[in-house]
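A.B. asks: For reference, the structure I am asking about is given below.
The values are calculated or read from the model by the stated rules, or taken from the named source; none is laboratory data. Keep in mind it's a predicted model, so treat the numbers as computed, not measured. Every residue, glycine among them, receives a Cβ derived from its backbone with ideal geometry; neighbour counts consider all protein chains shown. Protein only, heavy atoms only, side chains kept; ligands, DNA and RNA dropped before computing areas. Shrake-Rupley method; radii C 1.70, N 1.55, O 1.52, S 1.80 Å.
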Amino acid sequence: MSAAGTGQDAATHDLDVRGAVKRFADHVAVDQLSFSVARGSFFSILGPSGCGKTTLLRMIAGFIQPDDGEILIGGRSMAGVGPNRRPVNMVFQQLALFPMMSVGDNVAFGLARRGVARAERLRRAQAMLERVGLGGAARKKVDELSGGQRQRVAIARSLVLEPTLLLLDEPLGALDLKLREHMKIELKQLQAAFGTTFVYITHDQSEALVLSDHVGVMNRGRFEQQGTPQQLYYEPATPFVAGFVGANNRIVGRATGVAGAIVSITSEQGWLIRARSATAIAAGTAVEAFVRPEVAVLARAAADLPAGQPAHGGEVESLLFDGANSAVLLRERQSRVEFRIALPQTGQFADLRVGEPIHFSFDPARAVCFPAGVAHA
Amino acid sequence: MPDATSGPAWERRLLLGLLLAPALLWLFALIVLPQIDLALLSFRERVAPREYVASLAQYRTFFAEPLYWHVFVRTAVMSLAATLATLLIAFPVAWTIAKLLRGRLSALLFVVCLIPFWVSETVRTLGWMILLRESGVLPALLAHLGVTAAPVELLYHDATILVGLVYTSLLFMVVPLVSSLESLDNSLIEAAYDLGGSGWSILREIVIPHAAPGITAGCIVVFMLMLGNYLTPTLLGGKSSQWFTEQIYTQFIVRFNWEQGAAFGFLLLALSTSMVWLGLKLSGQRFGDVMRRT
Amino acid sequence: MQAVLPMLLALALLGGGAARADDSKRLRIITWSDYVPAEVIADFKKETGIQAEVTLSNNEEIISKLRATGGAGFDLAQPSQDRIVGAQQEFRIYKPFDLSQVRLDQFMPDLLATVRKNATLDGKLYGLPYVWGAEGLVVNSKRAKLADYGDLCRPEYKGKTSIRLRRPVLMAFAFASGKDPFALYGDIKAYSALMESVGRTLIACKPNFRFFFDNKDQALNGVRSGELVAAMMWDSGGWALNRENPDIRFINPKSGAIAWLDTFALPARGKNDAGAYAWINFTMRPAIAAKIAKSIGNFTASKGADELADPRLKAQFKESFPDGFRNVRWYPAIPAGLEEIEGKILDRIKAAD
C-alpha cells in the first residue's frame, strides 16, 4: 500500500499498527488499519474531522483499547499497557499544561513520577527548557507564557522523558495564523534536533505537507493513501486524496475515449478535456478528473499557449488576490464549467478584468482522473 | 443629570454607598446589633435579682469548670472529624457526578444527594432514629441476617452523631466539589497519566490542587454547619453526648442564664472563626477565592 | 428610591402588629401539649367570638420567651406553680390577677390555697390552678419490679430505664435517699451538699439509663417498644400506655410521687386580659374542664369536674394512688439561686462517662 512500511525490518520502526479496529456504538472509527512509522521520522495523519484520527492517536497513547489488532511501539506489543507505562508521550490539542505548577515543575512532572531525585530532575528540566529556548522560564507560572512558549513547554515536558514516540494532537490548532506558520517551522526544527519519532495528527493539509516525512491520509477509519508529501500531491491514489490534499479543480464526466494512459473526458456540461488515468479506465465509464490550479497555463491569445496542449477558452469570473497564492476563477466558454488557475508570479496577468475573455491549457499528463463512484467524503 | 460613572471617585463611592444603604442597614440591624447586645450581655454578672455588674465571670466559669471546655473541645474535635469524613465520602460522589457520569445520570445522582433536604432536619433525624434504634429497622435486619445475635442499639453513640452529621452536610460538600471538579480539564488528568502519573499521584498533584478552593469552601461551610448544629447531636447522641450548642441552649432557655449563654456563644464564634482562619492558612487559600466557590 | 426601602422595612416591622386582627378577638396562649383541646377552642369561639391561638412549650421556655420580650407576645401562660415567684422576682414577666374578674368558686379550694401560698408576691396573686398531676415511675410490670426511684439503678435493668434530666429527677432521688430537699430550700449550703450527693448517685446510675428523654413522646415510645422497662415519668403518660398495654403501670414510688400543679398566669404585657379572664372562667366550668381532663389525662382544678371525669381515668388513678394523696410531695416555690446549683449538677451528670 505504501512505501513507508513495507519490506522493512520491524526493528527500525518505532510504531507498528497492525489491523487495528475500534468500533463505537454506531460506527467504526478505526477500520482494520495497518501502518508503520520509521524510527526518527515525522509522520502525519491527515484527515477531516470525524475520520477517526483522534481515536487512532488515543489508541496509540493507550487511552483507548483497540477492539482488534495490535499496536507495537519500539517493537514491543502495547496490549494491556497503560498510558502511564508506554514509552509514548503526547502533546494535547489544548496543551494541558498544569496551571497549578510552575513551568519547571511541569517539565519535571514526568521525571518525578519516574522517581528521579529532585535535584536531578530540576537540572534535567532546566536543561530541556534551555534546549527549547525557555531557559529563564522555569519559575514562571504557566499563564505568564505566550501561546508559542506554552507550545514549547508542552513539547519539552514530553521530550524530557525521552519517549520512543511523541504524539501530537493538532497542537497548532489553537494558535493564530502567524504564530502557526512560525511554530510549524519550529516543530520541524525541534524534531530534527531531537531525532525523536513524531506522530502528528492534523486536518490541515498544509501543516501535514510542510512538516512530514510521511503522511497517511485518513478517511472513514482507513488510510486512503500513505506516502511522502510529494507523492500525495503529485500522484494522489484516490479522488479523496486528490480533493483533500492541495487545491484542485474537479471535473465530473464520462470517459469518451482512451488512448494509452490518456483518457478523453466529456464533462456533464459538455466540456471536453483530457487527463491521465490513475487506474485502468474503459471508455464509457463515469470518471472524475482533477486539475491543479498551478498546472494550467493562461494566455491572452490562443497562439501563446504551449504547443501540443489542448487549448480551452473562457471568461474571467473573479479574481482571487492572495499575494503569492493569487488565482483567477474563470468559466469555460461553452460549458460554463468553473475553473481555477493560479496566477504566475511574473505579474503578467495582474491587469486581468472580470468578464475578460481568456485562453488556457494544461498538460493532460499532469491532470489525473479516476473512475467515479469510489468512496470519498 | 451627569452619568454616574463619569463623576469623581468620591461621588461614585457616595452613590454606591447610598445604593447599598438599605442592605447595609438591614445587615446592621439583623446581625451586628444583636451581636453587640450579646457581647455586652456576656460581660456582666448577676449579683442580686435584677442587679448586674460588669464582669468577666462568665468567661472565667468557662475555663474554671472543666465540664464546659470539655464539651467545647469535644464539639470542635467531633465536628472536625465529621468534616473530614464528609470530605472523604463526598469526594468520590462529586467525582462521579462531575467526571464519570454524563447528562441525566449525573443530574440524577445530584438529585439523590438533594433528596434528604426535601424534608426538614427534624424529620430526617427522626428517620435515623427509627432506622437505628434497637427496635428499629437496621438492628432487626442485622439480627435477621445473623450479623448480630440479637438486635443491638445503634443509636446514642458518638458514631451515630457522626453519621447523622455527615448525612446532613453531604450536599454542602458535594456542591462546591462538583463545581471545582467540573472546571478541571479532563486533558490535564490524561496528560498527567500520559506522563507516567498513577491514580494516587494524579489525585495529589493535579486534582487536589485544582479542587483546593472547592475543598476548602466545602470544609468551611460543613464545619460551621456541624459546629452550629443542635438537633442532630442532641437527638442522635447518647446520654453522655453534649454538644456545645446544646450547652448554649441550656444556659439561655433552661437556666435563664443569658450572660453565660452569651459568653458561650462568643466562644463558639471565636472557635469557628479561628478554625476557618487556620484552615485557610493551612490550605494556602484566600477567603475571597474560596467564598466564590460556594 | 433608596430611601423608600428602609421606610418600607420599618413600616413592615412596626406595622406587623397593627395589621393583625383586633387584639380583643384573639387570645394567645403559651402552654403545654394537650392542655388546650381543639374542641374547647371551638366552644370558646362560639361563645365569645375570641379565637384562642396556642403555642406549645414547657416551664423553662415559657419563662425564657416571656423574659426575651419583657412579658409580651402572649395573653396567657401556664407555668407550674413553683416556677412563678422566682421568675417574677427576677424578670418581671407577669402581672397580678384582678380576682374580682375570676369566678373563684369554680376552683377546688385546696388547690387554690396551694397557689395562694406559692404564687403570691408582695401580697398579690400571680397564679391560678389549672391542672395537676404527679411524676412517679412507669413500669412494665411483666419485665421489671420497682418500688422506688432508686430501683431504676438496679443492675438487672442496665440500659433499660430512662429519666428526664431536669430538676424533678434530682428531687425524686433526694427523697429516695431519705432526705427532704424541699425542707432544705432555705439552707443553700445543706441543699448544695444534698444535690452533690444526688448527683453522685445519678452518675453511678448512668449506665442504667438508655437515654435521657426530652419529651413525652420519646419516653412513651421507649416504654411502648420495650426498649425501656421503667422510667421516671408523668402519671398521664403512664396511664396512656396502660390503656394500650395493661402490663404497663404508673406507680407511686415509696418515697412519694412528686406532684406538680400547672397554673394560669398573665404575661406582663399581654394585650387581651379580658379574653384571658373569660378563658379562665370558661375552662373551669365542670363540663369544659372534664373535656380538658380527658385530653390531658390528668385532673383539673375545677370543682365538680372530677365527677364528670372519665371512669377509666378514675380507676387508673385509684390503682396508682391507692392511698390517695397521703404519699405525694407538692413543690414549694423555688427560691432564686437554687436552680443554678441544680444546673451544674445536671450538667455534670450529662457529661459524666
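A.B. asks: At a 1.4 Å probe, which residues in the stretch B:124-149 are at least 50 Å² less accessible with all protein chains present than in their chain isolated?
C.D. replies: Buried-area filter returns B:133.
A.B. asks: Quick one: ranking B:68, B:249 by accessible area, 1.4 Å probe, largest first, what do you get? Provide the component values of the computation, followed by the final result.
C.D. replies: Details: B:68 10, B:249 70 Å².
In descending accessible area the options line up as B:249, B:68.
A.B. asks: Something else: Assuming a ≥ b ≥ c are the square roots of the Cα gyration tensor eigenvalues, decide whether chain C counts as rounded (a/c under 1.5), prolate (otherwise, with a/b larger than b/c) or oblate.
C.D. replies: Working: a/c = 1.72, a/b = 1.44, b/c = 1.19.
Since a/c reaches 1.5 and a/b is larger than b/c, the shape of chain C is classed as prolate.
A.B. asks: What is the distance in Å between the Cα centres of the stretch B:187-208 and the stretch C:39-96?
C.D. replies: 65
A.B. asks: To continue, here is another question. When the accessible area of chain C is computed with all protein chains present and a 1.4 Å probe, what percentage of it is carbon and sulfur?
C.D. replies: Roughly 54 percent of what the probe reaches on chain C is carbon or sulfur.
A.B. asks: Using the Cα gyration tensor of the stretch A:247-371, with a ≥ b ≥ c the square roots of its eigenvalues, what is the shape: rounded (a/c below 1.5), prolate (a/b larger than b/c) or oblate (neither)? Show your work: numbers first, answer last.
C.D. replies: Working: a/c = 1.97, a/b = 1.89, b/c = 1.04.
Prolate.
A.B. asks: Helix A:147-159: angle to the longest alpha-carbon principal axis of chain A, degrees 0 to 90, nearest 10?
C.D. replies: 60
A.B. asks: Keeping all protein chains in place, calculate the accessible area per residue for the stretch B:83-200 (probe 1.4 angstrom), answer in Å².
C.D. replies: Values: 5870 Å² over 118 residues.
With the other protein chains kept in place, the stretch B:83-200 gives 50 Å² per residue.
A.B. asks: Now for a different question. What's the magnitude of the charge dipole for the protein assembly as shown around its Cα centre, counting Lys and Arg as +1 and Asp and Glu as -1 at the beta-carbon? Answer in Debye, nearest 20.
C.D. replies: On the way: 107 positive and 95 negative charges, 334 e Å.
Around 1600 debye, computed over the protein assembly as shown.
A.B. asks: With all protein chains present, how much of the accessible area of the stretch A:247-371 (probe radius 1.4 Å) comes from carbon and sulfur, to the nearest whole percent?
C.D. replies: On the way: 3140 of 6010 Å².
Heavy-atom surface of the stretch A:247-371 belonging to carbon and sulfur, 1.4 Å probe: 52 percent.
A.B. asks: Which residues belonging to the stretch C:317-353 lose at least 40 Å² of 1.4 Å-probe accessible area when the assembly is complete, relative to their chain isolated?
C.D. replies: Hits at the 40 Å² cut-off: C:344, C:347, C:350, C:351.
A.B. asks: Something else now. Stokes-Einstein diffusion coefficient for the protein assembly as shown at 25 °C in a medium of 0.890 mPa s, Rh from the Kirkwood formula over Cα pairs: what value in µm²/s?
C.D. replies: Working: Rh = 37.4 Å.
Using the Kirkwood radius from Cα pairs, D works out to 66 µm²/s.
A.B. asks: Just name one of B:53, C:203, A:342: the one whose Cα is farthest towards the positive end of the charge dipole of the protein assembly as shown (beta-carbon charges, Lys/Arg +1, Asp/Glu -1).
C.D. replies: Looking along the dipole axis, the top candidate is C:203.
A.B. asks: Still on this structure, I have one more. Carbon and sulfur atoms: what percent of the 1.4 Å accessible area of the stretch B:57-293 do they account for? Display every interim value, and only then the final one.
C.D. replies: Numbers: 7650 of 10500 Å².
Within the stretch B:57-293, the accessible surface is 73 percent carbon and sulfur.
A.B. asks: Zone of residue B:182 (label point 7 Å along Cα→Cβ, backbone N under 17 Å): which residues in the stretch B:84-107?
C.D. replies: What the label zone holds, given the 17 Å backbone N cut-off, is B:91-107.
A.B. asks: In chain C, which whole DSSP H runs stretch at least 18 Å along their own axis (Cα) and average 0.5 or higher on the Kyte-Doolittle scale?
C.D. replies: On the way: long enough: C:4-18 (20 Å, 2.10); C:188-205 (25 Å, 0.82); C:338-351 (20 Å, -0.27).
Membrane-span-like by this rule: C:4-18, C:188-205.
A.B. asks: Leaving out ligands, DNA and RNA but keeping every protein chain, what accessible area does residue B:157 have, in Å² rounded to the nearest 10, with a 1.4 Å probe?
C.D. replies: About 90 Å², ignoring ligands and nucleic acids.
A.B. asks: Another one. What is the average number of partner chain Cβ atoms found within 10 Å of a Cβ in A:110-120? Don't skip to the answer; put the middle values down first.
C.D. replies: Numbers: counts 6, 2, 5, 9, 2, 1, 0, 0, 0, 0, 0.
That average works out to 2.
A.B. asks: Also, quick follow-up: Nearest 100 Å² is fine: how much accessible area is buried between B and A, summed over both sides, with a 1.4 Å probe? Mind showing how you got there, number by number?
C.D. replies: Details: alone 17530 and 17220 Å², together 33080 Å².
Buried: approximately 1700 Å² between A and B.
A.B. asks: Right, something else. With a 1.4 Å probe and all protein chains left in place, how much accessible area per residue does the stretch C:80-170 have, in Å²? Spell out each step's value before the answer.
C.D. replies: Working: 3500 Å² over 91 residues.
Computed with neighbouring chains in place, this is 38 Å² per residue.
A.B. asks: Identify which of B:146, B:228, B:261 has the largest mean-square fluctuation in a Gaussian network model of chain B, with springs joining Cα atoms closer than 10 Å.
C.D. replies: Of B:146, B:228, B:261, the most mobile in the Gaussian network model is B:146.
A.B. asks: Using a 10 Å cut-off on Cβ to Cβ distances, tally the other chain neighbours for every residue of A:83-89 and report the average as a whole number.
C.D. replies: Details: counts 8, 10, 2, 2, 0, 1, 4.
If you average over the peptide's residues, the count of other-chain Cβ atoms is 4.
A.B. asks: Counting only other chains, and only Cβ atoms inside 10 Å, what mean value do you get across the residues of B:194-204? Write down the numbers at each step before the final one.
C.D. replies: Working: counts 19, 19, 14, 6, 4, 1, 0, 4, 2, 0, 0.
Mean partner-chain Cβ count within 10 Å for B:194-204: 6.
A.B. asks: Then there is this: Taking just the C-alpha trace of chain A, give me its Rg and Dmax in Å.
C.D. replies: Taking only Cα atoms of chain A, I get Rg and Dmax of 24.5, 77 Å.
A.B. asks: Moving on to the next point. Looking at the protein assembly as shown, send over the antiparallel percent of its DSSP beta bridges, to the nearest 5. Let's see the in-between values first.
C.D. replies: On the way: 90 of 126 bridges.
In the protein assembly as shown, approximately 70 percent of DSSP beta bridges are antiparallel ones.
A.B. asks: Quick check: from the Cα gyration tensor, does the stretch A:182-272 come out rounded (a/c under 1.5), prolate or oblate?
C.D. replies: Details: a/c = 2.94, a/b = 2.81, b/c = 1.04.
Prolate, because a/c is 1.5 or more and a/b exceeds b/c.
A.B. asks: Something else about it: Could you work out [θ]222 nm for chain C from helices alone, using -39500 (n - 2.57) per DSSP H run of at least four and dividing by all its residues? Round to the nearest 500 deg cm²/dmol.
C.D. replies: -13000 deg cm²/dmol
A.B. asks: When the accessible area of each residue in the stretch B:222-267 is compared between its chain alone and the complete protein assembly (1.4 Å probe; ligands, DNA and RNA ignored), which residues differ by at least 30 Å², being lower in the assembly?
C.D. replies: B:239, B:240, B:242, B:249, B:253, B:254, B:255, B:256, B:258
A.B. asks: Would you mind counting up the charge near residue C:108? Only other residues with Cβ under 11 Å from its Cβ, with Lys and Arg at +1 and Asp and Glu at -1. Don't skip to the answer; put the middle values down first.
C.D. replies: Numbers: positive: C:303; negative: C:105, C:110, C:306.
Once all neighbours under 11 Å are counted, the net charge is -2.
A.B. asks: OK, next. Considering only Cα-Cα distances, which of the following residue pairs are longer than 32 Å: C:271/C:314; C:142/C:216; A:22/A:178; C:179/C:318; C:254/C:314; C:160/C:294?
C.D. replies: On the way: C:271/C:314 38 Å; C:142/C:216 22 Å; A:22/A:178 36 Å; C:179/C:318 27 Å; C:254/C:314 21 Å; C:160/C:294 30 Å.
Over 32 Å apart, Cα to Cα: C:271/C:314; A:22/A:178.
A.B. asks: To the nearest 20 debye, what charge dipole does the stretch C:204-353 have about its Cα centre, counting +1 at the Cβ of each Lys and Arg and -1 at the Cβ of each Asp and Glu? Kindly include the intermediate steps, with their values, before the conclusion.
C.D. replies: Working: 21 positive and 18 negative charges, 49 e Å.
Here the size comes out at about 240 debye.
A.B. asks: Also, quick follow-up: Which percent, nearest 5, of DSSP beta bridges in the stretch A:247-371 are antiparallel? Don't skip to the end; give the middle numbers.
C.D. replies: Working: 40 of 42 bridges.
So the antiparallel bridges amount to about 95 percent of the total.
A.B. asks: Additional query: I'd like to know which of B:262, B:186, B:201 lies farthest towards the positive end of the charge dipole of the stretch B:57-293, counting +1 on Cβ of Lys and Arg and -1 on Cβ of Asp and Glu.
C.D. replies: Projecting each Cα onto the dipole axis, the largest value belongs to B:262.
A.B. asks: Could you size up the charge dipole of chain C around its Cα centre, putting +1 on the beta carbon of Lys and Arg and -1 on that of Asp and Glu, and report it in debye to the nearest 20? List each step's numbers first, then the result.
C.D. replies: Working: 48 positive and 41 negative charges, 83 e Å.
Dipole size: approximately 400 debye.
A.B. asks: For the stretch A:247-371, with the dipole built from +1 on Lys and Arg beta-carbon atoms and -1 on Asp and Glu ones, taken about the Cα centre, which of A:362, A:324, A:265 lies farthest toward the positive end?
C.D. replies: The Cα lying farthest towards the positive end belongs to A:265.
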